[in-house]
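> Please see the structure below; I have some questions.
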Amino acid sequence: MAKEKKNQSEMEQYEEYILLKKGAEAELVEKKSRFIATIRPVSTEDEAAAFIEEIKKKYYDARHNCSAFVIGSKAQLTRSSDDGEPSGTAGRPMLEVLLGSEIRNIAVVVTRYFGGTLLGTGGLVRAYSGAVKLALEQCETARQRFGIKLQIKTDYNYVGKIQYLLADRKIEMIDSVYAQDVEMTVIVPIEEYDRLCKDLTEATSAKAELVELERLYYESISPVQKSG
């Protein structure tokens, strides 16, 4: 029972999330004002700060370079900046779009070239949010799951049974070595680990040696669902 509670706690701690793999750029024009959204993957606050500074230098002649970023699998670190726009009209709405997308380790800068017409509070919120949404549509993402890298050592008599169990659970083999014995390496979702080990032990009459190598996030083959 204690082990089950521990595993349940671990599953809750390491929930799935969506990771940004490749950023993008998009432009929105509203009443002659240009809003250029640039998105990039970042894994630390220093990386985010460097990216924001880089875009500010690139668009040094722009009226504003507003920014937002989300770092950590559970969005542990978030920041936003209006960069001179009225408070709450740029950075925070941009951040809300990022959080709503459920994408993590992501930073965005929206550069504004003023077109001569004031947009008002609502207009600014819509423009900055809209530019971020346009750029997000062009980004590449991947779903990340938490799992355990497991090495299975067995003799040739049980290879077929093991392969059947793995295929039945759609667990992909990432490495295999066929020598005197067979060594297979797989990554198992945390929520399926205990059950798989039990089934492997039963299927091989406890002849397979199961070695936990590492606990890690890995890229899931499950498609990322687009948020509305």
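The values are calculated or read from the model by the stated rules, or taken from the named source; none is laboratory data. These figures come from a predicted structure and were not determined experimentally. Quick reminder, even Gly has a Cβ in these numbers, built from the backbone with ideal geometry, and neighbours come from all protein chains shown. Surface accessibility is based on the protein's heavy atoms, side chains included, excluding ligands, DNA and RNA. Shrake-Rupley method; radii C 1.70, N 1.55, O 1.52, S 1.80 Å.
> Using the basic label-point model (7 angstrom from Cα toward the beta carbon), what is the Leu213 to Lys21 distance in nanometres?
2.1
> For segment 73-135 and segment 43-64, compute the distance between their C-alpha centroids and round to whole Å.
Going from one Cα centre to the other spans 14 Å.
> If you don't mind, another one. Determine one quarter of the surface area of the Cα convex hull of segment 99-187, which equals its mean projected area, and express it in nm² to one decimal. Mind dumping the intermediate values first?
Working: hull surface 36.6 nm².
Seen from a random direction, the Cα hull of segment 99-187 projects 9.1 nm² on average.
> Residue by residue, what Karplus-based ³J(HN,Hα) values in Hz, rounded to whole numbers, does segment 56-67 have, using 6.51, -1.76 and 1.60 with θ = phi - 60° and x for Gly and Pro?
Karplus-based 3J(HN,Hα) across segment 56-67 equals 4, 6, 5, 10, 4, 8, 7, 5, 9, 10, 8, 9 Hz.
> Then there is this: Rolling a 1.4 angstrom probe over the protein heavy atoms, how many square angstrom per residue are accessible across the chain?
Working: 12470 Å² over 228 residues.
The answer is 55 Å² per residue.
> Given a Förster distance of 22 Å, report the FRET efficiency between Ala206 and Tyr164 from their Cβ-Cβ distance, rounded to the nearest 0.05. Let's see the in-between values first.
Values: r = 18 Å, r/R0 = 0.80.
E(calc), rounded to 0.05, equals 0.80.
> Okay, next question. Work out how much length Leu118 to Glu140 would gain on full extension: take 0.36 nm times their residue separation and subtract the Cα-Cα distance, in nm to one decimal.
Numbers: separation 22, 0.36 × 22 = 7.92 nm, distance 3.39 nm.
Gain on stretching Leu118 to Glu140: 4.5 nm.
> In 5 Å bins starting at 0, how do the alpha-carbon pair distances of the chain split up by percent?
Here the calculated profile for the chain is 1, 6, 13, 15, 13, 10, 8, 7, 7, 6, 5, 4, 3, 1, 0, 0.
> Quick one: with all protein chains in place, what share of the accessible area of segment 115-164 is carbon or sulfur, to the nearest percent (1.4 Å probe)? Let's see the in-between values first.
On the way: 1130 of 2370 Å².
About 47 percent, which is the carbon plus sulfur part of the accessible surface.
> Now for a separate question. So which trypsin sites (Lys or Arg not before Pro) in segment 55-128 are both in a DSSP loop and have at most 13 other Cβ atoms within 10 Å of their Cβ? Mind dumping the intermediate values first?
Working: sites: Lys56, Lys57, Lys58, Arg63, Lys74, Arg79, Arg104, Arg112, Arg126; in loops: Arg63, Lys74.
Passing sites in segment 55-128 are Lys74.
> Determine the sum of side-chain charges near Pro41: Lys and Arg each +1, Asp and Glu each -1, restricted to other residues whose C-beta is under 12 angstrom from that of Pro41. Let's see the in-between values first.
On the way: positive: Lys21, Lys22, Arg40, Arg104; negative: Glu47, Glu140.
Spelling it out: positives minus negatives among the neighbours equals +2.
> With every protein chain in place, what's the accessible area of Leu118 (1.4 Å probe, Å², nearest 10)?
About 140 Å², ignoring ligands and nucleic acids.
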